[in-house]
Amino acid sequence: MTKEIEEIAARLRAIRLSRNLTLAEVEIKSHKRLRAVALGSYERGDRSLSVSKAIELSKFYEVPLAYLLTGLSPTQSVERDIVIDLRRIKALATSEEKNTPTQEILFSFLLGIIKERQDFNGEILSLRKSDIEFLTITIGCSSVEFATYLAQNKLLFETKETSSL
């Protein structure tokens, strides 16, 4: 087994354990899309991890694919302002789908900001640097990973100017 495969396997196991999940619990929570036997084989390095399975694992664990494969996390800060589309947040919060822990933290935090700022009629919410720092610490990611998460989940308010970038 190569060093890279060993590192990816160890990272998979560490991520699962950091979430206090057993292999069986991952299988149950993933609705059997991630089988305990297969996941154990990935974690031991006994089974090859396909790109599609790596993507599925990164989404399930809510970690960037780059981190899953390389262990490297971007450490630079977000250069542009983060503006949240509250209409999308409200739609997700009231949808039939079960929210992820990250979404629950985000929704709760945004509701707190809205109450604190007394901005109950807004459709967008600008996050301040201190807001982003607090959220990234709470969620356990970098500011770049946080911005990526927001973009992937279409939670950012997009103007004509930002959508053409």
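All of the numbers you see were taken from the coordinates with simple rules; none came from a lab. Predicted, not measured: the structure shown is a model, and the values here were computed from it. Reconstructed Cβ throughout: ideal geometry from the backbone, glycine too, with neighbour counts over all protein chains shown.
Just a few scattered comments:
- Debye, to nearest 20: dipole size of the chain, +1 on Lys, Arg Cβ, -1 on Asp, Glu Cβ: 440 debye
- Lysine pair number, Cα distance threshold 28 Å (strictly under), the chain, separation 8 or more or different chains: 28
- Quarter the surface of the alpha carbon convex hull of the range 82-163 and you get the mean projected area, 5.5 square nanometres.
- Cleavage-rule hits (chymotrypsin sites (Phe, Trp or Tyr not before Pro)) in the range 81-165: DSSP loop, at most 11 neighbouring Cβ within 10 angstrom: Phe120
- The alpha-carbon atoms of the range 3-70 define a convex hull whose volume equals 73 cubic angstrom per residue.
- Using alpha-carbon coordinates, inclination of helix 51-61 to the longest axis of the chain, degrees: 60 degrees
- By the count of neighbouring beta-carbon atoms within 10 Å, fewest first, Lys3, Lys53 end up ordered Lys3, Lys53.
- Cα long-axis angle, helix 129-139 against the chain (0 to 90 degrees, to the nearest 10): 30 degrees
- Viscosity 1.306 mPa s, temperature 10 °C, Stokes-Einstein D of the chain from Kirkwood C-alpha radius, µm²/s: 91 µm²/s
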